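Participant: One structure, as structure tokens, below. Some questions next.
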Amino acid sequence: MSFLIPCPHCGNRSVYEFRFGGEVKQRPQPEAPAEEWMEYTYTKANESGVQKEWWFHRSGCRQWLQALRNTTTNEVVEAFFPE
Amino acid sequence: MADSTDTFTFQFNGQVVEARAGDTVASALYRAGRRIFTRSFKYHRPRGLLCMAGKCPNCMMNVDGTPNVRACITPARAGMRVKHQNAYPSLDRDLLSAVQRFDWLMPVGWYYKTMTHEWSWHAAEPYIRKVAGLGVAPEPGAGSKDYEHAWVHAEVAVIGGGPAGLQAALELGQGGAQVTLVDDQPELGGHLRYRKQAGRVPAELIAQLRSLPGVEIISRAYCFGLYEGNLLGVLQASPHAGVIERLIHLRAKRVVVATGAYEVPFTFENNDLPGVMLSTAVQRLIHLHGIKPGHRAVIVANGTQGDEVAADLREAGVEVVTRLAPDQVVAGVGSSHITAVRAKDGEFACDLLVLCGQRVPDAGLLNQAGGKLAWNEERGAFLPVDLPAGVSAAGEVTGAWLVRAATLPPENVPFDKRSFVCLCSDVSTADLRDGIREGFDHIETLKRYTTLTMGPCQGRMCQLAGIGVCAHETGRSMGETGVTTSRPPNPSVSLGALAGPRHHPTRRTPMHYAHDESGAVWMDMGEWKRPRYYRTASCSSERACVEEEYRAVRERLGLIDVSTLGKLDVKGRDAGKLLDKVYTNRFSDLKPGRVRYSVLCDEAGIMLDDGTISRLAEDHYFITTTTGNLDFVQQWLEWWLVGTGWDVHITNVTGGRAAVNLAGPQSRYVLNTLTECDLTTKAFPYMACREAEVAGVPSFLMRIGFVGETGWEIHFPAEFGEHLWNKLLEAGKAFDLRPFGIEAQRLLRLEKRHVIVGVDTDALSNPYESGMAWVAKLDKADFIGRNALSRLAQAAPQQNLVGFVMNEDALPQDGAAILVDGALAGRVTSARYSPKNGKAVGLAWVVAKAADEGTEIHIRVDGGTARARIVSEAFYDPAGERLRM
């Protein structure tokens with residue numbers, strides 16, 4: 001694994017500068033049904049293809065960002081700071 | 001060319017060997033008369049120089065303690081110590097070569113066939129390890145400083161300094177590109193340096209290249225891997241004095257692979273005898289090192305392919321006895337060196353058998369990058385096709401100019417145990433045939449079953465021949481049989497180079513040297529150095545010292561350096577809101593000047609960290625985290641802040657602040673002498689915090705009690721670390737204050753049943769089962785983990801974190817198993833001898849049914865079991881009165 005992530009602040013950087021934060025998921029409302037919370041807490045889509053992920057630029061700007069990464073090729077299509 | 005006037009010496013097995021400038025270890029040894037360089041992996045057959053290019057396994061030696069060094073490409077240096085490997089007592093007389101007489105006992109897949117029981121492997125392993133194998137690993141720590149890492153970025157990386165690589169680098173460089181050229185030889189020029197009939201080294205072109213400002217040339221460096229994102233692993237030998245190897249992480253936008261082609265041997269009986277040499281090896285000996293490689297040579301070549309080396313041999317004064325076509329050769333004759341070659345029409349005496357083998361594209365890097373290899377009948381080799389974007393090939397590696405040296409698959413294969421395909425692990429044609437007949441007829445399964453292509457040469461010498469044998473035996477074509485996959489590292493890389501220089505960052509607290517003066521015995525906690533305990537004149541053992549420190553805190557007072565705590569300054573209008581969302585406890589209603597403890601959970605309700613949070617002002621909080629979790633907690637807080645638009649600023653002040661904990665019944669009297677702050681319980685109660693000067697230092701004081709006594713945690717600017725520490729020691733002298741270390745602190749907190757998150761808890765621990773239900777405020781509308789915790793609050797616990805006291809004099813180790821009625825029922829997380837109880841006490845996870853007060857449990861101690869009972873209250877001051885005095 002040696003792909004690059006185009007950090008919106010620092011530019012193209014080695015993946016080893018980043019901490020992986022998992023898939024981007026929508027956190028349920030506090031009183032949402034248990035199934036929804038279970039799904040959110042324990043299930044991962046593990047997309048074969050492009051998925052939206054959290055990355056933290058640990059050895060750079062130390063900011064959380066989101067990236068669209070193709071899990072089969074490790075190509076990072078886009079990386080951005082979430083709104 | 002080796003210079004005969006500039007000589008020096010090195011040692012080989014304790015003997016002095018003379019070398020000339022430009023020599024490699026192997027060329028110097030060859031000139032000195034050595035012909036056997038290694039003994040083979042399995043049968044201990046003598047092996048001599050074959051490729052002279054670092055492609056085969058035949059010359060691996062121990063150089064200055066580093067095993068498996070390829071002598072043929074390692075420059076000789078004055079004073080180096082070279083030793084042979086895998087032979088006893090010597091290379092020339094190796095008693096272990098008796099093994100080859102029993103080769104009939106060692107069929108292909110021997111391990112799978114004989115090691116059918118666990119005991120058979122355990123019984124055989126020590127002997128196998130002695131007899132088989134390669135070099136001996138150096139002692140741990142030896143030479144670990146002799147490697148280094150470097151990072152290089154290039155627009156274009158050109159791999160290979162032969163004619164194609166030079167041309168590519170020059171054109172790119174002249175076009176203004178920033179180019180890094182990697183070449184594995186000491187000088188540029190590739191095969192033109194030793195193939196004198198093929199052309200001259202283009203000196204003008206090299207000079208032109210060197211003059212270009214954007215071109216960097218890395219010599220004596222081979223590329224062992226082409227990874228994702230065009231990251232190249234490059235290993236450079238002896239980049240400068242004192243460093244054996246430098247691992248270069250080379251990142252390029254584009255890669256041009258110009259690695260050329262290498263020659264591989266033919267397969268026939270005894271094709272591994274010393275004296276059997278590839279034509280390019282012969283040319284290297286002659287033209288790079290000025291060595292006459294033998295006296296009488298037989299050349300094996302297809303048609304006119306032997307002309308070039310024949311001319312070189314004659315020029316060097318070697319008699320060329322005859323030339324044979326590859327299919328004419330029957331066997332090599334000789335025991336420790338070739339003495340003759342047996343051909344179909346007679347035997348020819350010789351001391352050198354020169355093989356003009358097939359030239360194979362060195363396409364491993366292209367294959368790793370995702371390129372395919374396709375069989376090309378005309379060239380007699382697998383050629384790279386379908387290269388991925390950003391990677392291109394130039395020169396012989398593309399297959400251009402390659403000529404077929406023999407028919408593949410071969411019409412006839414000599415199936416016997418002495419026709420070697422794989423030299424690394426002694427795999428013969430007979431082994432391959434047997435493997436195929438046993439059902440491993442796919443090239444990839446055949447590889448794994450026979451270990452073909454899996455040795456140190458990574459298939460360079462054997463891949464093509466192995467595919468040929470497989471195709472022949474299965475009746476398939478070369479293309480149908482296909483190639484095995486190339487994976488990095490190829491060729492092999494020393495572990496020392498991957499590990500790099502020993503570089504462990506160490507953090508020292510501002511009071512580090514003051515601890516040294518007090519006799520600190522150090523321990524590592526993550527990057528930090530912390531005093532484990534202090535050795536003084538009054539105590540001789542660790543246990544005695546720790547007990548003295550313990551008594552000081554319980555009876556008088558002690559002082560501990562807690563600067564390693566993670567410290568976060570949290571400011572902003574919405575700071576309370578963020579802490580309410582992330583921590584389980586409530587902070588928005590915390591009054592300024594108060595401290596509250598909390599844990600941090602994930603969405604599954606698992607405890608991630610704990611710490612204290614103080615409120616300094618309406619919009620200002622101060623958080624402490626556990627020593628190792630600072631980065632995680634800061635990132636966690638910032639993560640949950642993303643996208644909220646809340647006004648919160650989190651600043652890591654860990655390095656900027658020192659902290660101490662002054663604790664013990666007399667701490668108030670001592671602290672009073674150094675501060676104006678009113679320390680009475682009425683003015684400064686338990687779980688309160690104040691800003692005040694201590695010994696003239698602006699400080700932040702928290703009245704908390706991890707160790708269970710009245711005490712203050714004092715945070716202050718790091719630059720006053722030693723000053724305040726010494727002032728406190730001085731002020732405490734009259735009360736016999738003792739600095740105390742981690743061990744005493746762990747014992748003190750254990751008596752109080754205070755949990756250390758990450759020591760007493762793990763990735764399955766929630767606050768309820770850990771006995772900390774109070775810390776989860778489920779009446780908050782929302783916080784991270786609330787949903788899971790509200791379910792856990794209702795659920796029956798599976799296991800509980802409980803305290804226990806031993807019933808007898810035994811001290812369980814952390815992690816010891818707990819038995820109830822003979823069945824495994826839990827494990828100890830912390831246990832220490834408690835002076836207060838006169839027995840060991842501890843914390844443990846036990847199954848819920850064994851968690852009740854008074855339950856008798858058995859704990860594994862020293863191979864037996866010892867009795868203990870569950871205690872639900874703290875072992876010391878359960879009401880917490882001493883904290884509030």
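Participant: Quick one: how many residues across the stretch B:118-173 are small (Gly, Ala, Ser), in contact with a Gly (Cβ under 8 Å, 6 or more places away or on another chain) and over 30 Å from B:Ala203 (Cβ atoms)?
Facilitator: Matching residues across the stretch B:118-173 total 3.
Participant: On the basis of being more than 14 Å from every other protein chain (Cβ to nearest Cβ) and among the basic types (Lys, Arg), does B:Arg246 make the cut? Don't jump to the end; show me each part of the working.
Facilitator: Working: more than 14 Å from every other protein chain (Cβ to nearest Cβ): yes; among the basic types (Lys, Arg): yes.
Yes, satisfied.
Participant: Could we say that B:Arg70 is basic (Lys, Arg), closer than 30 Å to B:Leu209 by Cβ and modelled with pLDDT of 90 or more here?
Facilitator: Values: basic (Lys, Arg): yes; closer than 30 Å to B:Leu209 by Cβ: yes; modelled with pLDDT of 90 or more: yes.
Spelling it out, B:Arg70 is indeed basic (Lys, Arg), closer than 30 Å to B:Leu209 by Cβ and modelled with pLDDT of 90 or more.
Participant: Considering only the stretch B:743-754, I want to know if a residue exists there that is more than 14 Å from chain A (Cβ to nearest Cβ), among the basic types (Lys, Arg), in contact with a helix residue (DSSP H, G or I) (Cβ under 7 Å, 6 or more places away or on another chain) and not in a loop (DSSP other than H, G, I, E, B). I'd like the intermediate steps shown before the answer.
Facilitator: As a first pass, look at the stretch B:743-754 and keep what is more than 14 Å from chain A (Cβ to nearest Cβ): B:743-754.
If we keep only those that are among the basic types (Lys, Arg) as well, we get B:746, B:749, B:752-753.
This time we only want the ones that are in contact with a helix residue (DSSP H, G or I) (Cβ under 7 Å, 6 or more places away or on another chain), so: none.
The answer is no; no qualifying residue exists.
Here's the yes/no breakdown for (1) part of a helix (DSSP H, G or I); (2) over 20 Å from B:Asp631 (Cα atoms):
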residue	(1), (2)
A:Met1	no, yes
A:Pro6	no, yes
A:Thr41	yes, yes
A:Asn46	no, yes
A:Lys52	no, yes
A:Arg58	no, no
A:Thr72	no, yes
A:Glu78	no, yes
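Participant: Can you confirm whether B:Leu408 is in contact (Cβ under 8 Å) with a residue 40 or more places away in the chain, assigned to a loop (DSSP other than H, G, I, E, B), touching a helix residue (DSSP H, G or I) at 6+ places or on another chain (Cβ under 6 Å) and not small (Gly, Ala, Ser)? First the steps, then the outcome.
Facilitator: Details: in contact (Cβ under 8 Å) with a residue 40 or more places away in the chain: yes; assigned to a loop (DSSP other than H, G, I, E, B): yes; touching a helix residue (DSSP H, G or I) at 6+ places or on another chain (Cβ under 6 Å): yes; not small (Gly, Ala, Ser): yes.
Criteria met by B:Leu408.
Participant: Let me ask something else about it. Kindly provide the set of residues from the stretch B:177-227 that are of a type in the set (Phe, Trp, Tyr) and buried (at least 18 other Cβ atoms within 10 Å of the Cβ), ordered by number.
Facilitator: Step one: filter the stretch B:177-227 for residues of a type in the set (Phe, Trp, Tyr), giving B:194, B:222, B:224, B:227.
Once the filter is applied, which keeps residues that are of a type in the set (Phe, Trp, Tyr) and buried (at least 18 other Cβ atoms within 10 Å of the Cβ), the stretch B:177-227 yields B:Tyr194, B:Tyr222, B:Phe224.
Participant: Check off (1) surrounded by 24 or more Cβ atoms within 10 Å (Cβ to Cβ); (2) within 23 Å of B:Asp362 (Cβ to Cβ); (3) of a type in the set (S, T, N, Q) for B:Ser40 and give me the number that stays unchecked.
Facilitator: Every listed condition holds for B:Ser40 apart from (2).
Participant: Being closer than 30 Å to B:Val152 by Cα, of a type in the set (D, E, K, R), more than 12 Å from chain B (Cβ to nearest Cβ) and under 11 Å from the mean Cα position of the chain (by Cα) is the requirement here; does A:Glu53 meet it?
Facilitator: Numbers: closer than 30 Å to B:Val152 by Cα: yes; of a type in the set (D, E, K, R): yes; more than 12 Å from chain B (Cβ to nearest Cβ): yes; under 11 Å from the mean Cα position of the chain (by Cα): yes.
In short, yes.
Participant: Just one of (1) away from chain A (no Cβ under 14 Å); (2) closer than 30 Å to A:Glu35 by Cβ trips up B:Lys777, so point out which.
Facilitator: Going through (1) away from chain A (no Cβ under 14 Å); (2) closer than 30 Å to A:Glu35 by Cβ one by one, B:Lys777 breaks only (1).
Participant: Could you run through the stretch B:780-808 and say how many residues are assigned to a loop (DSSP other than H, G, I, E, B) and within 12 Å of chain A (Cβ to nearest Cβ)? Spell out the reasoning first.
Facilitator: Going through the stretch B:780-808, the residues assigned to a loop (DSSP other than H, G, I, E, B) turn out to be B:780-785, B:795-798, B:807-808.
Retained after the next criterion (residues that are within 12 Å of chain A (Cβ to nearest Cβ)): B:780-785.
The total comes to 6.
Participant: Being in contact with a Gly (Cβ under 8 Å, 6 or more places away or on another chain), of a type outside the set (Ser, Thr, Tyr) and within 28 Å of B:Lys529 (Cα to Cα) is the filter here; which residues of the stretch B:602-628 pass it?
Facilitator: Answer for the stretch B:602-628, where residues must be in contact with a Gly (Cβ under 8 Å, 6 or more places away or on another chain), of a type outside the set (Ser, Thr, Tyr) and within 28 Å of B:Lys529 (Cα to Cα): B:Asp609, B:Gly611, B:Ile623, B:Gly628.
Participant: How many of the residues making up the stretch A:1-43 are under 18 Å from B:Gly785 (Cβ atoms), more than 8 Å from every other protein chain (Cβ to nearest Cβ) and either within 13 Å of the chain's Cα centre (by Cα) or touching a residue at least 60 places away in the same chain (Cβ under 8 Å) (or both)?
Facilitator: 3
Participant: Going by the conditions given, is B:Ala281 under 30 Å from B:Phe415 (Cα atoms), of a type in the set (Gly, Ala, Ser) and not in a strand (DSSP E or B)?
Facilitator: Numbers: under 30 Å from B:Phe415 (Cα atoms): yes; of a type in the set (Gly, Ala, Ser): yes; not in a strand (DSSP E or B): yes.
Spelling it out, B:Ala281 is indeed under 30 Å from B:Phe415 (Cα atoms), of a type in the set (Gly, Ala, Ser) and not in a strand (DSSP E or B).
Participant: Okay, moving on. Looking only at residues in the stretch B:332-372 that are under 32 Å from the mean Cα position of the chain (by Cα) and in a loop (DSSP other than H, G, I, E, B), which one is surrounded by the fewest Cβ atoms within 10 Å (Cβ to Cβ)? Spell out how you get there, then give the answer.
Facilitator: Kept after step one, since they are under 32 Å from the mean Cα position of the chain (by Cα), are these residues of the stretch B:332-372: B:361-372.
Cutting the leftovers down to in a loop (DSSP other than H, G, I, E, B) gives us B:362-363, B:369-371.
Working: B:Asp362: 20, B:Ala363: 27, B:Ala369: 24, B:Gly370: 14, B:Gly371: 22.
By that ranking, first place goes to B:Gly370.
Participant: Another question, if that's okay. Only one of B:Arg832, B:Arg882 is within 18 Å of B:Leu747 (Cβ to Cβ), of a type in the set (Lys, Arg), in contact (Cβ under 8 Å) with a residue 60 or more places away in the chain and touching a Leu at 6+ places or on another chain (Cβ under 7 Å). Can you tell me which? Don't jump to the end; show me each part of the working.
Facilitator: On the way: B:Arg882 fails: touching a Leu at 6+ places or on another chain (Cβ under 7 Å).
Exactly one residue qualifies, and that residue is B:Arg832.
Participant: Check the stretch B:772-780 and report whether any residue there is more than 42 Å from the chain's Cα centre (by Cα), surrounded by fewer than 19 Cβ atoms within 10 Å (Cβ to Cβ) and hydrophobic (A, V, I, L, M, F, W, C). Spell out how you get there, then give the answer.
Facilitator: Restricting attention to the stretch B:772-780, the residues satisfying the condition of being more than 42 Å from the chain's Cα centre (by Cα) are B:774, B:777-780.
Checking the rest, the ones that are also surrounded by fewer than 19 Cβ atoms within 10 Å (Cβ to Cβ) come to B:774, B:777-780.
Right, trim to hydrophobic (A, V, I, L, M, F, W, C) and you get B:774, B:778.
Within the stretch B:772-780, one or more residues are more than 42 Å from the chain's Cα centre (by Cα), surrounded by fewer than 19 Cβ atoms within 10 Å (Cβ to Cβ) and hydrophobic (A, V, I, L, M, F, W, C).
Participant: Does the stretch B:686-704 contain at least one residue that is touching a helix residue (DSSP H, G or I) at 6+ places or on another chain (Cβ under 7 Å), closer than 26 Å to B:Lys836 by Cβ and at pLDDT 95 or above? First the steps, then the outcome.
Facilitator: Our first condition is that a residue be touching a helix residue (DSSP H, G or I) at 6+ places or on another chain (Cβ under 7 Å); within the stretch B:686-704, this holds for B:686, B:694-695, B:697.
Filter once more, keeping what is closer than 26 Å to B:Lys836 by Cβ: B:686.
The next check asks that each one be at pLDDT 95 or above; those that pass are B:686.
The answer is yes; a qualifying residue exists.
Participant: Looking at the stretch B:661-680, is at least one residue part of a helix (DSSP H, G or I), closer than 25 Å to B:Arg753 by Cβ and either away from chain A (no Cβ under 14 Å) or in contact with a helix residue (DSSP H, G or I) (Cβ under 8 Å, 6 or more places away or on another chain) (or both)?
Facilitator: Narrowing the stretch B:661-680 to residues part of a helix (DSSP H, G or I): B:667-672.
From what is left, the residues that are closer than 25 Å to B:Arg753 by Cβ are B:667-668.
Right, trim to either away from chain A (no Cβ under 14 Å) or in contact with a helix residue (DSSP H, G or I) (Cβ under 8 Å, 6 or more places away or on another chain) (or both) and you get B:667-668.
Yes - at least one qualifying residue is present in the stretch B:661-680.
Participant: Go through the stretch B:585-617 and give me each residue that's of a type in the set (S, T, N, Q) and within 14 Å of chain A (Cβ to nearest Cβ). Don't jump to the end; show me each part of the working.
Facilitator: Taking the stretch B:585-617 and keeping what is of a type in the set (S, T, N, Q), we get B:585, B:588, B:598, B:612, B:614.
None - no residue of the stretch B:585-617 is of a type in the set (S, T, N, Q) and within 14 Å of chain A (Cβ to nearest Cβ), so the list stays empty.
Participant: Here's a follow-up. Starting from residues that are more than 22 Å from B:Val757 (Cα to Cα) and crowded, with 21+ Cβ neighbours inside 10 Å, keep the ones in the stretch B:551-569 and report whichever is nearest to the chain's Cα centre (by Cα).
Facilitator: Here is the first cut: in the stretch B:551-569, the residues more than 22 Å from B:Val757 (Cα to Cα) are B:551-559.
Applying the additional criterion that residues be crowded, with 21+ Cβ neighbours inside 10 Å yields B:552-554, B:557-559.
On the way: B:Ala552: 44, B:Val553: 43, B:Arg554: 45, B:Leu557: 45, B:Gly558: 42, B:Leu559: 39 Å.
Selected residue: B:Leu559.
The values are calculated or read from the model by the stated rules, or taken from the named source; none is laboratory data. Since this is a predicted model, take the numbers as computed values, not measurements. Virtual Cβ from ideal backbone geometry, glycine too; neighbours counted across all protein chains shown.
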